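Structure first, commentary second.
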Amino acid sequence: MSSQSSILEMDPILLPRHIAVIMDGNGRWAKARGKARMFGHKAGVDAVRKTVSTANRLGIQVLTLFAFSSDNWKRPKEEVSLLMELFVTVLGREIKRLHKNCIKLNVIGDISKFSQSLQDKISSAEALTANNAGLVLNIAANYGGQWDILQAVKILADQIKRGEISVGELTEADITARLATAHLPDVDLMIRTSGECRISNFMLWQSAYAELYFTEQFWPDFDEISFTNAIAWYINRERRFGYTGEQIRAMLIIEK
Ligand code: IPE
Ligand code: IPE
Ligand code: MG
């Protein structure tokens, strides 16, 4: 049986609720074909489409895709501006399909650094899909995990200054509720393609107990089978959250 058909037969409770993906390796994929880096970014869009549609079909609650990091501004100007253009084109082209499939789109990150016209396009895409009850698709653009924690802390500091919250009462939940992913479950499974084994400032707070899956495949080659293999791997992990393995297995027996 393929991993996909077996996953479809699984109790949905076993599936990761939130999957985050560091879509890496577009440049190397293009280089291996003697092409410019942009060719790889364009090919990466097809992998995005496949991944979104598989996540939606499997009934995954939240998919967060790292599209552009706060540090990617350091890249050559031409690559940055072509990436922005690609973002605009893809958003315009795909939004109706996302809406038709009941997908709710959020762009997370500091979008104030984008052109006004891109910010407007993002706002109208988010507004169009705001009431959709299917997959929540977060596109992380100009996103950094440290930025996310910092902006949450700034909101909290303002509230403390106004006397709405006292420092002594602060809990982790106060930070969680002010992140770009507020009200969404923490990341269960984080996938990174291209063989790099690092998090590159992605979802730092939200991935405290994420299972980390690294694959050698470059992002444009990541397809439905690659994705379902990652989910199948996740399902076989024993997540402990600080407990011992014996405690976790005892809890699972009690639940059954
Ligand atoms: C990921 O692929 C896409 C973005 C960061 C926008 P890369 O562009 O990082 O590809 P490599 O890592 O250079 O191969
Ligand atoms: C991380 O990839 C960012 C995205 C996938 C958008 P990078 O290619 O920018 O990460 P580093 O620089 O290799 O850590
Ligand atoms: Mg890279």
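Every read-out reported here was derived from the displayed coordinates using simple, explicitly stated rules and does not represent laboratory data. Just so it is clear, the structure is predicted and the values come from calculations on it, not from any experiment. Glycine also receives a Cβ, built like all others from the backbone with ideal geometry; neighbour counts cover every protein chain displayed.
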- Message: So if I place +1 on the C-beta of Lys and Arg and -1 on the C-beta of Asp and Glu, and nothing else carries charge, what would the dipole magnitude of the chain be about its Cα centre? I want it in debye, nearest 20.
- Response: 780
- Message: Rg/Rh for the chain to two decimals, with Rh computed the Kirkwood way over all alpha-carbon pairs.
- Response: 0.98
- Semi-axis lengths (Å, descending) of the ellipsoid that matches the C-alpha gyration tensor of region 91-229: 28, 22, 14
- Over all Cα pairs of region 100-166, the Kirkwood radius sets Rh, and Rg/Rh then becomes 1.09
- Taking R0 as 41 Å, what's the FRET efficiency between Ile254 and Leu82 from their Cβ-Cβ distance, rounded to 0.05? 0.15
- Net charge near Thr215, counting Lys/Arg +1 and Asp/Glu -1 over other residues with Cβ under 12 Å of its Cβ? -4
- Query: Residues with amide H under 5 Å of Phe202's amide H, sequence separation 5 or more or different chain, H placed in the peptide plane at 1.01 Å from N; which?
  - Reply: Gly145
- Just list whichever of Lys35/Lys96; Lys42/Lys96; Lys31/Lys77; Lys113/Lys161; Lys35/Lys77; Lys74/Lys154 have alpha carbons separated by over 29 Å in the model shown. Lys35/Lys96
- Query: Which of His99, His183 comes first, and how do the rest follow, when ranked by fewest Cβ neighbours within 10 Å?
  - Reply: His183, His99
- Task: Just grab the label-to-label distance for Glu169 and Ala36, each label 7 Å out from Cα along the Cβ direction, in nm (one decimal).
- Result: 5.7
- May I ask for the Kirkwood hydrodynamic radius of region 1-134, worked out over all distinct Cα pairs and given in angstroms to one decimal? 16.5
- Query: Can you work out ³J(HN,Hα) from phi for every residue in region 240-246, in order, using Karplus 6.51 cos²θ - 1.76 cosθ + 1.60 and θ = phi - 60°, giving whole Hz and x for Gly and Pro?
  - Reply: 10, 6, x, 6, 8, x, 4
- Task: When you have a sec, figure out the Kirkwood radius of region 177-234 from all distinct Cα pair distances and drop it here in Å to one decimal?
- Result: 12.4
- Mind listing the phi-derived Karplus ³J(HN,Hα) values for region 9-26, rounded to whole Hz, using 6.51, -1.76 and 1.60 with θ = phi - 60°, and x for any glycine or proline? 8, 6, 5, x, 5, 7, 6, x, 7, 10, 10, 10, 10, 8, 7, 10, x, 4
- Note on the structure: Diffing region 174-190: the Karplus 3J(HN,Hα) column from phi (6.51, -1.76, 1.60, θ = phi - 60°), in whole Hz with x for Gly and Pro, holds 5, 6, 3, 6, 10, 7, 4, 9, 3, 6, 9, x, 4, 5, 8, 10, 10
- Message: Report the Cα centroid-to-centroid distance between region 36-52 and region 184-256 in angstrom, as an integer.
- Response: 23
